[in-house]
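Accompanying notes for the structure given below.
What follows draws every value from the coordinates through simple rules; no lab data is involved. Because the structure is a prediction, the values reported are computed rather than measured. As a convention, Cβ positions derive from the backbone with ideal geometry for all residues, glycine included, and neighbour counts pool all protein chains shown.
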Amino acid sequence: MASAGRATEPGLPREMAMENGDTAGQRGQQVNGEVSGTPRLRGIGDPLLRDTTAPDGSRTEVMAAGWESGPVLGDEDGTPGVAPQRTGQQEEALMTELSELVQKVVKSSSWWERHGVDISILACSFLLLPAGFLCLRSAQTIPFLAGVLTLGVVHHTLTVKGSHLASHNALTESKSWGKVWAIFFIELCSAFTVEQATYNHVKIHHGYTNVIGLGDSSTWKLPFLNRYIYMFIAPLAVPILTPLVALDLLRNVEWKAALRTLCCMFLGFYCHYWLLLHVSGFQSPWSALLCMLLTRSLLAHPYIHVNIFQHIGLPMFAADRKPKRIHLMSLGVLNLPRNALLDWSFGHSLISCHVEHHLFPSLSDNMCLKIKPIVSQYLKQKKLPYNEDTYGSRLRLFLQRYEELMVHAPPITDLVGIQ
């Protein structure tokens, strides 16, 4: 699947390289089974302190990062605007420096590293489809379960990893082919609409990560469900809810796009259904539909969990007082440990390289993994947060504090300084 048309020069996309904004001097923070709460930021000279309430109810101190509570040196009269201007320059410098480090790695990487590895994983998943459908023909338990497992993993690899990479145009350097892959993975395989998926995920979630009312992951909250139903039973309904939500969102797109989406959704469902009847040998429509539900919800639990674990419970910000990009992403994003099954099915950018992905969203999963040592070392060197936690630890946290994290409105993190 080489790039078609006029491909861009390998390297960081323009929007990735030019998105600047961070604050120097922030202390690193690691999440270990606790809500990270509000960051403690180190200032120049005597910092201004303020108590804020973290999601777990604890009180934490917030200090100005690179902002003085008094007049700036050489500015005895305390002229307003000098310190924020200086801070803004520091923020731009940090993100620019990190982007340049990543740019060097990307430019020195081959096409195989930038795109080939992830395309190969998706291609291997397609090649496993015949084996999965044929295993379901068996009357024996083990081959049948092997077929369910194979089709379940393949389905999530195509719909989660494939759709995610396609939404960021990370599978190719050609915009034309990027559009084709987006339609294929998002609409045909995932039964969703490209326009709304791209808008909600790329524009809102990535553009306003952990900004309350925008990219605060509140769409994942169902406060009318109790913790055990939400965490362990509700995920089974994801294959049913996804196309229903997509149909509702079609009201917001042009009729041509809506018609295309409907055709792709129908084709994807019908192909799956037809293969179960004519290749796997299911005798009744209901048994085929039940198998479809089983395979499409096989990894729905970690899918829901990962989406809430990596943002909810971390600092949240008001839209008019959010920090610059590098702070926003380092504060509001969390990495989980590597996991062979989830790395294959969901991709590194959604599991162990989520911080890297939010900083450089147009990179493929393999490239996010490659730049991970550079990003983590840089953030820690600059005393910026690099949040990491285990899957089990986050699961225990959400079960223990479900009401605080998933029902009540999150507290706003306030970075105090010269206003």
Distance between Cα centroids, segment 208-256 to segment 285-340: provide it in whole Å. 11
Between the alpha-carbon centers of segment 104-160 and segment 341-419, tell me the distance in whole angstrom. 26
Enumerate by residue number the trypsin sites (Lys or Arg not before Pro) in segment 296-376 meeting two conditions: DSSP loop (anything except H, G, I, E, B), and at most 15 other Cβ atoms within 10 Å of the site's Cβ. ARG338
So, with points 7 Å from each Cα along the Cβ direction, the SER176-ASN339 label distance in nm works out to 4.0
Anything over 31 Å Cα to Cα? Flag those among LYS256/LYS372; LYS221/LYS370; LYS104/LYS161, in the order listed. LYS256/LYS372; LYS221/LYS370
If you filter segment 174-258 for GluC sites (Glu not before Pro), then keep DSSP loop positions with at most 14 other Cβ within 10 Å, what is left? GLU254
